[in-house]
Number of protein chains: 2
Amino acid sequence: MNPTAGVTETLARYLVAARFEDLPDATRTEAARSLLNWMSVAVGGCRHEAVEIALAAVSPFAGPAQATILGRSERLDIMNAALLNGISSHVFDFDDTDQTISVHPSAPVLPVLLALAEYRPVSGRDFINALILAFEAEGRIARAVTPAHQAAGWHSTGTCGVFGAAVAAGKLLGLDETRMCHAISLAATQPVGIREMFGSMTKSFHPGRAAQNGLLAALLAEKGYTSSLQGIEARRGWANVLSSAHDFGAITDGLGAHYEIARNSYKPFACGLVVHPVIDGCVRLRDENNLVPEMIDRIDLAINPVVLDLTANRTPRNGLECKFSVYYSAAIGIVAGKAGEAQFSDALARDKVVTELRDRVETTVDPLLDKDQARVKIQLKDGRVLERFVAHAAGSVENPMTDAQLEAKFRDLAAGILPDDRVRHLMTLCRTAEQLADAGDIARAARG
Amino acid sequence: MNPTAGVTETLARYLVAARFEDLPDATRTEAARSLLNWMSVAVGGCRHEAVEIALAAVSPFAGPAQATILGRSERLDIMNAALLNGISSHVFDFDDTDQTISVHPSAPVLPVLLALAEYRPVSGRDFINALILAFEAEGRIARAVTPAHQAAGWHSTGTCGVFGAAVAAGKLLGLDETRMCHAISLAATQPVGIREMFGSMTKSFHPGRAAQNGLLAALLAEKGYTSSLQGIEARRGWANVLSSAHDFGAITDGLGAHYEIARNSYKPFACGLVVHPVIDGCVRLRDENNLVPEMIDRIDLAINPVVLDLTANRTPRNGLECKFSVYYSAAIGIVAGKAGEAQFSDALARDKVVTELRDRVETTVDPLLDKDQARVKIQLKDGRVLERFVAHAAGSVENPMTDAQLEAKFRDLAAGILPDDRVRHLMTLCRTAEQLADAGDIARAARG
């Protein structure tokens, strides 16, 4: 490392030089899993009202049909496709998460990579390398300002994700060091996302617009648009303006020695992570004991205090509210044996079997339990008592979803949107992305 | 005013209801002057390298030819036209300024109004009303966070201008109160511009991207994309996240009783405002005494301390550096009798007559002088001493440019870009905008 280079230049130098050949196997495998998981939620969300509205709003101004809106028949210019795919992939809040930095790393990045790959052919190796390096950029920059930045009210998926988007595009465009610095700085001046927007469609707009902002940053830099060489660390640069504290070592130390993507995790359940241990415990007890609701007298949950801060709704009235009810979540785990997007529907919110079981769920707060832990105790009408301690919820870094579980999630989300044979083909392309001669095939296979 | 309504809702309610018929004459006149001045710099900047690069970067992805790139033959979709016109109008730093809030109010707003007016016909009255209300939104919101917001490192032309852009579009689209709130909140979550970018092309990118962000916000809100109703004032809303202090009364008090546009000012000289008093004094002494450089022994300037903080360059090597040299600026005032964009050229930076006079300029700091004041003393070789005290520099709110001066500035900037008869026609359209049946005629007349 050049000791006189600044933070932005040091990061850019690494990103420009880093090659696919240097990636550890585990990192490449995790990249394919991230792609597979993200594609499932992007396809699954493609008919959400937020996507329909955004598509109607931008279509009259869109450019040539260059890139696929995943799961749909429409194709738009790469800029608008990036926006739409960013929205659809985050609208269920079912995409990947790095919990240590509160970033959903794929949503601002993969819309850029897929759109560009359709527009300018790129090998699967370069595609996967760009994905991993984009995660490095957004993850390291987020880590440098965690937790002060998020506590100030920023939505880090958008404000840090814009760097991932710029680097993703910058790698595929083959930017040199100076232009990569300019792309990063053009991204730095376009942070998107304040937390007041949580609870409205604007939350999923954040990764979509971050994807566009980063893509535009790289395209401008490619043509010679000038910016700062110190966009991250300058006195009035991104870190000082958007955070009261920072540790630049998180950005520049150990580049290439370890990878951000190792911290990525995938959700088995289509709701906030805090209720995942409860659902996990309920599903396992159900499956191991062939439970049906009529057998159950009551369910007692011991949970971390944060669970009731966020999901204490005892009587949710619609699918969205069900995601914020630990009572509903436990009940649906028993009734359905899973908790995908389809299990948080308005119809199930009113379903008699579910609501009667929901009303037999009780909670006890236990501060000794971690956020990915829970104890589930089920009292059966026949007098038996079933108990399970969840040490690490399914989907956590310590207890990750298996490849088979990711594929089951994919099939669930894509059902009714893409035909089964197309789903199988698309999953194969995601799993084998690094072997593809033309990574644009991935997005083309996701056309509805 | 409804005392229970929040800041965003109160502002939105006023903006939705406000009518052209209620505008005072002076406000409408100033709107025409703002339009005239802004159009001159947008046309003048249209061949700048930053515009050429941005145009090359976005053209492959642009949509239908809906809106004019002012001064040029290209037409792009309204989104991309807004970006390009925002860049061209700010790239000389010669556009309008509200010095009390450090905002260039037209650059994020007029690209949106002109693009939309070409796309969906709108009367001149609605166009002028939207312009004035957009200035209200960005000006009042900026005032609520001045000076903490700017001191934190934000470029308020972008971060506050995005509200002006959203409101400009929102008025032309006829949004209702709820949708105007959503547009404002979608703007709030897309602030653009940190001050580290000053000195690179990215500074002029800020109002261009702010224009786009606001336009997209309004178009999404129009179609029903949901956002917050408290995007400005919420705990994690724009004001709290982007400023350490705020006074919401600046946003909600006296709506309709006075107008932000009264504080707008136009630059007679194509450089930072701090050297304007010096240039003004030199030009006046020159004109009153028929001075030529050979007559002058030395020039002594008494100036506010901030002048040397920003423009102390004794030996500028190119046109851009000349803008940061009070010595050059005084000399060019004598040599040319004006200081438009053409007077800050690389050729003049090296001109023998100018540089020899420049080297006979001396400065004395006087903290008792205001920032728009200077004393100029010229010692002639024949023994005479000429002195002038500039109480308010030409172009300040107290000593505004006359309409004739604005038109002379327009002719200078448009020379070589639009033919003379077209320039006259375009100036007439700007002056009489409120009388137009179709305000889209303004942008169409600026086509190169």
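The values are calculated or read from the model by the stated rules, or taken from the named source; none is laboratory data. Predicted model, so just to flag it, every value in this text is computed and none were measured. Methodologically, a virtual Cβ is constructed for each residue, glycine included, from the backbone with ideal geometry; neighbour enumeration extends over all protein chains shown. Side chains included, ligands, DNA and RNA excluded: accessible areas come from the protein's heavy atoms. Shrake-Rupley method; radii C 1.70, N 1.55, O 1.52, S 1.80 Å.
Scanning the stretch B:198-210 for residues that are more than 7 Å from every other protein chain (Cβ to nearest Cβ) and open to solvent by 10 Å² or more (accessible area, probe 1.4 Å) gives B:198, B:199, B:203. Those strands (runs of 3 or more DSSP E) of the stretch B:347-418 in which 2 or more residues are of a type in the set (A, V, I, L, M, F, W, C) and crowded, with 20+ Cβ neighbours inside 10 Å occupy B:374-380. Could you please let me know if residue A:438 is outside any helix (DSSP H, G or I) and of a type in the set (Asp, Glu)? When the stated conditions are applied, residue A:438 passes them. Pairs meeting the criteria (first residue in the stretch B:398-415 and within 15 Å of residue B:92 (Cβ to Cβ), second residue among the hydrophobic types (A, V, I, L, M, F, W, C) and open to solvent by 20 Å² or more (accessible area, probe 1.4 Å), beta carbons under 8 Å, at least 6 apart or on different chains) are B:412/B:342. Scanning the stretch B:50-75 for residues that are at the interface with chain A (Cβ under 9 Å from one of its Cβ atoms), β-branched (Val, Ile, Thr) and open to solvent by less than 10 Å² (accessible area, probe 1.4 Å) returns a single hit, B:58.
This table checks each residue for (1) part of a loop (DSSP other than H, G, I, E, B); (2) more than 9 Å from chain B (Cβ to nearest Cβ).
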position: A:167; (1), (2): no, yes
position: A:171; (1), (2): no, yes
position: A:179; (1), (2): no, yes
position: A:185; (1), (2): no, no
position: A:191; (1), (2): yes, no
position: A:196; (1), (2): no, no
position: A:212; (1), (2): no, yes
position: A:220; (1), (2): no, no
position: A:230; (1), (2): yes, no
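The residue pairs whose first member lies in the stretch A:48-71 and is within 18 Å of residue B:78 (Cα to Cα), whose second member is among the aromatic types (Phe, Trp, Tyr) and assigned to a loop (DSSP other than H, G, I, E, B), and whose beta carbons are closer than 8 Å, counting only pairs six or more residues apart or on different chains, are A:54/B:225; A:57/B:225.
Looking at this structure, is residue B:402 closer than 19 Å to residue B:131 by Cα and among the hydroxyl-bearing types (Ser, Thr, Tyr)? Spelling it out, it is not the case that residue B:402 is closer than 19 Å to residue B:131 by Cα and among the hydroxyl-bearing types (Ser, Thr, Tyr). Answer with yes or no whether residue A:61 is among the aromatic types (Phe, Trp, Tyr) and modelled with pLDDT under 95. Answer is no for this residue.
Tally the residues that are more than 24 Å from the chain's Cα centre (by Cα), free of Cβ contacts under 8 Å to residues at least 40 places away in the same chain and surrounded by 14 or more Cβ atoms within 10 Å (Cβ to Cβ), restricting the search to the stretch B:302-319. Going through the stretch B:302-319 one residue at a time, the tally reaches 2. The number of residues in the stretch B:76-135 being within 14 Å of another protein chain (Cβ to nearest Cβ) and more than 16 Å from the chain's Cα centre (by Cα) comes to 11.
Of all residues in the stretch A:232-264, those being more than 14 Å from chain B (Cβ to nearest Cβ) and crowded, with 24+ Cβ neighbours inside 10 Å number 4. In the stretch A:187-197, is there at least one residue being of a type outside the set (A, V, I, L, M), at pLDDT 95 or above and in contact with a Leu (Cβ under 9 Å, 6 or more places away or on another chain)? Within the stretch A:187-197 (the criterion being of a type outside the set (A, V, I, L, M), at pLDDT 95 or above and in contact with a Leu (Cβ under 9 Å, 6 or more places away or on another chain)), the answer is yes, since at least one residue qualifies. Within 13 Å of another protein chain (Cβ to nearest Cβ) and open to solvent by 10 Å² or more (accessible area, probe 1.4 Å), is that true of residue A:149? The answer is no for residue A:149.
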